[in-house]
Structure formats: structure tokens, C-alpha cells
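Q: Take a look at this one; I'll ask things after.
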Amino acid sequence: MAHSHGTMHFDDCEGVRGACRCEQRRYKRVLMISFVIFIFEIAGGYLSGSLALFSDGWHVFTDMSAILLSMLVANIASQEPLYEHQVRSMGFVINIALLLLVAYLIGMHAWDRWQSPHPVVGPIMLIVALIGGVGNWWQHQALHGNEHTSTHQVLDLHILSDLVQSIGVVLAAVLIAITGLIWIDPVVSMMIALWMALQAILLVKKQLAS
């Protein structure tokens, strides 16, 4: 693959002869990885009793929605270049809204879990979180630095938030295994929710200032 105008193109890219589809192809790969992570984390959250892991799984589900939306935006923008700015701006707003909604839901569930703690199976939580983290890292590497559109940046933020959340779940699993303190699970979930909301707000401010 080679660089062109800030985008990493595939070797068989037909951008010279027709419309470039590299952005859509990259999104499809990220979408497939998200689906695998989603299945692992929902099952792992149920088996381990971890709210942080279960929340991460549903965060991945919203990532899939954001990826599908980004694919739609990229497709429309390539076919209707005159409306590219408007379409990408709409995609940016919807993706930001999804990110804030997930942050809110995770925060609410974390507060409920804090008030009513549940036992957590640390080893299952740790193994699944590690799998999710590796998958999120692959996704982030595929997306980061390849596009500079607002829609792409928000999608990359979705994935980066998942990566940070997976790291947080791994740390929580280790601490729970060592200390037996199950309140660590909702505390980590709350911290991740706050971080997601902050990053979304900062990206909106950056977009408005540009």
C-alpha cells in the first residue's frame, strides 16, 4: 500500500481509473474485527459477571453502528462530491451522539453496580479483555492516520475509546484477582465513561474551531 493525500491505499486501488474504495474496504475490515470482539465480550461479561467487560461489549456494538454509518457516509461522499462536506458533518454529529450515549449508559450502570456489588470471575474477565484489547489495537492501527475527515476521526475515537476501555478492564481484572475488591469493576467503568465523554467534547470543540 502507498500513501496519497493522507490516505493509505491498497495495492489494487482503482483510484486512478475510477472511484477509490480504500476507505470503505478499511471500514469493512474494522467492522469484522468489531463483530468478533462483540461476541467474545458479551459472552465473557455474562460468564465473568463483569460490568466493565459487558459494557465494553455494548460499546463495541455502537462501534459497529458507527462503522456502518461511516461506510455509508464514505460511499455517498464518493458518489456525490458536491455534498461531501454536509454528509460528513452529519455523520460526525451522529457518531459523537452515539459516543456520548454509550458513556452515559456505562456511567449509569456503573453507579447501579457500585450500590449493589456483584461477584466477578477475574480470570475470565482478564482473558477476554486481553482478546478485546488486541483486536482494538489492530483496528486503531488500521484507522489511525489514514484519513483526516471529521467522520473518520470520530470513528477512530470510538475505537481508541474501546482500546482504553480494554486496558482498563485488564487492569481491573488483575487488581480484583490480587485484592478481591469487586468494587474496582464499577469504578473502572465510571472512569472510562468520563474519559469517553471528555474526548467526545474535546473533538467537538476542535471541529467547531476548524
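Q: Search the stretch 132-152 for residues that are under 17 Å from ALA74 (Cβ atoms) and surrounded by fewer than 17 Cβ atoms within 10 Å (Cβ to Cβ) and pair each with any residue that is among the polar types (S, T, N, Q) and modelled with pLDDT under 85 when their beta-carbon atoms are under 9 Å apart and the residues are at least 6 apart or on different chains.
A: HIS148/THR7
Q: Would the stretch 12-32 turn up any residue that is buried (at least 17 other Cβ atoms within 10 Å of the Cβ) and modelled with pLDDT of 85 or more?
A: Yes, because at least one residue in the stretch 12-32 is buried (at least 17 other Cβ atoms within 10 Å of the Cβ) and modelled with pLDDT of 85 or more.
Q: Report yes if VAL87 is of a type outside the set (Asp, Glu) and within 18 Å of the chain's Cα centre (by Cα), otherwise no.
A: no
Q: Can you tell me how many residues within the stretch 163-204 are farther than 22 Å from PHE38 by Cα and either in contact with a Lys or Arg (Cβ under 9 Å, 6 or more places away or on another chain) or not in a helix (DSSP H, G or I) (or both)?
A: Total satisfying the criteria: 4.
Q: Kindly indicate whether GLY57 is modelled with pLDDT of 85 or more and not hydrophobic (A, V, I, L, M, F, W, C).
A: When the stated conditions are applied, GLY57 passes them.
Q: In addition: Being surrounded by fewer than 24 Cβ atoms within 10 Å (Cβ to Cβ) and over 17 Å from ALA110 (Cα atoms) is the filter here; which residues of the stretch 47-66 pass it?
A: Correct list: LEU47, PHE61, THR62, MET64, SER65.
Q: Filtering the stretch 71-126 down to residues that are at pLDDT 85 or above and of a type in the set (Ser, Thr, Tyr), which residue is surrounded by the fewest Cβ atoms within 10 Å (Cβ to Cβ)?
A: SER116
Q: Hey, any hits in the stretch 152-162 for a residue that's within 20 Å of the chain's Cα centre (by Cα), modelled with pLDDT of 85 or more and part of a helix (DSSP H, G or I)?
A: no
The values are calculated or read from the model by the stated rules, or taken from the named source; none is laboratory data. Just so it is clear, the model here is predicted, and its values are computed rather than measured. Every residue, glycine as well, gets a Cβ built from its backbone with ideal geometry; the counts of neighbours run over all protein chains shown.
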